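Asker: Structure incoming, see below.
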Amino acid sequence: MKKAIILSSGGVDSTTCVSLAVDRLGAENVVTASIFYGQKHKKEILAARKVAEYYHLKHYEFDLSQIFRYSNCSLLANSTQEIVHESYAQQIAENGEGKVSTYVPFRNGLMLSTAASLAASLFEDEDVDIYIGAHADDAAGDAYADCSEPFLKAMGDAIRIGTYGKVHLVFPFAKMNKAGVVATGLKLKTPYELTWSCYEGGDKPCGTCGTCIDRAAAFAANGVKDPALEKN
C-alpha cells in the first residue's frame, strides 16, 4: 500500500489533508510532519501533535528556524513587524496584489524539501505521497506565491525527479477555496476542535488576524459553528 506524509501545521487545511489521507490509505500508512520555523508561538505545533494522537499516527518534527533568522516576516519571533489584523482581501485592496506581511520566504519550498527527504528515508523504495493543504484562497492576489498551482507543480516535478520517481506531491485543494476545504473536512469528520489557526498565541483565537477571519468565513459558508471556538 502506498504511504503518505502530511505536512501538518495543526490548522484547518493540513488537518483536512490528514483526514483525507487516512480515509484514502488507512491510518497505518500515514505519518505527519511539522516544521518549527521560528514563529511567535508553538500552538500550531501542539495542535499538530494532538491531531496525530487523534488518528494514532507517527509524528515527526523539524526545526528550520535558523534558516529564517534573517527574515523580518511578521509571523516570526525576531520580527520588528506587528501582525496585521485585517483580512487578506482588505490587505490586497489597500496595498495591491503581491506578497503579504505574513509570507515567510520560500517556507513551503523548504517544508516540502524536508518532507521529501523524510519520505525517501523512511520509506526507501516505496511509493510515497506528500500532502500539502495549500488552497486557492492562499494563492489569490499572489499573496502567497508558494501556495500557487505553478509553484506546487514545479515542486512536485522536482521531488519526483529527485527521488527517482518514488515520492509524489499531492495538493488536493489547490483549485478549492477554504470553504470547500471545510466542506470536505466536515464530510470526513475532521477533528477541527483540535486545530489552531490564529497567528497570535493567546489563550483564545484573536478573531481579527487574516487567518482567523478566513477561517470564520469558511465555517460560516458551510452553515456551522467553528468547533475550536466553541471549545474555547
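Asker: Sort through 183, 218, 154, 228 and tell me the only one that's part of a helix (DSSP H, G or I) and touching a Lys or Arg at 6+ places or on another chain (Cβ under 8 Å).
Answerer: Numbers: 183 fails: touching a Lys or Arg at 6+ places or on another chain (Cβ under 8 Å); 154 fails: touching a Lys or Arg at 6+ places or on another chain (Cβ under 8 Å); 228 fails: touching a Lys or Arg at 6+ places or on another chain (Cβ under 8 Å).
The unique qualifying residue is 218.
Asker: A follow-up question, please. Scan (1) more than 21 Å from residue 88 (Cβ to Cβ); (2) surrounded by fewer than 19 Cβ atoms within 10 Å (Cβ to Cβ); (3) in contact (Cβ under 8 Å) with a residue 60 or more places away in the chain for the single condition residue 190 breaks and write down its number.
Answerer: (2)
Asker: Right, here's the next one. All but one of (1) open to solvent by less than 70 Å² (accessible area, probe 1.4 Å); (2) without any contact (Cβ under 8 Å) to a residue 60 or more places away in the chain; (3) farther than 19 Å from residue 147 by Cα hold for residue 109; state the number of the condition that does not hold.
Answerer: Status for residue 109: all satisfied but (3).
Asker: Moving on. Scan 101, 117, 65, 34 and give me the residue that is polar (S, T, N, Q) and open to solvent by less than 20 Å² (accessible area, probe 1.4 Å).
Answerer: Values: 101 fails: open to solvent by less than 20 Å² (accessible area, probe 1.4 Å); 117 fails: open to solvent by less than 20 Å² (accessible area, probe 1.4 Å); 65 fails: open to solvent by less than 20 Å² (accessible area, probe 1.4 Å).
The unique qualifying residue is 34.
Asker: Tell me which residues, restricted to the stretch 15-46, are touching a strand residue (DSSP E or B) at 6+ places or on another chain (Cβ under 9 Å), among the small types (Gly, Ala, Ser) and part of a helix (DSSP H, G or I). Break it down into steps so the answer makes sense when it comes.
Answerer: The initial filter retains those residues of the stretch 15-46 that are touching a strand residue (DSSP E or B) at 6+ places or on another chain (Cβ under 9 Å), namely 15, 17-18, 20-22, 24-25, 29-40, 42, 44-45.
Next cut, among the small types (Gly, Ala, Ser) only: 21, 33-34, 38.
Scanning the stretch 15-46 gives a single hit, 21.
Asker: List the number of the failed condition for residue 202; all other conditions in (1) farther than 28 Å from residue 74 by Cα; (2) modelled with pLDDT under 95 hold.
Answerer: (1)
Asker: Considering only the stretch 1-28, how many residues are open to solvent by 10 Å² or more (accessible area, probe 1.4 Å) and over 13 Å from the mean Cα position of the chain (by Cα)?
Answerer: Qualifying residue count, the stretch 1-28: 11.
The values are calculated or read from the model by the stated rules, or taken from the named source; none is laboratory data. Bear in mind the structure is a predicted one, so any value in this text is a computation, not a measurement. Positions of Cβ are generated from backbone atoms using ideal geometry, with glycine treated the same way; all protein chains shown enter the neighbour counts. Note: accessible area is taken over every heavy atom of the protein model, side chains too, but ligands, DNA and RNA are not part of it. Shrake-Rupley method; radii C 1.70, N 1.55, O 1.52, S 1.80 Å.
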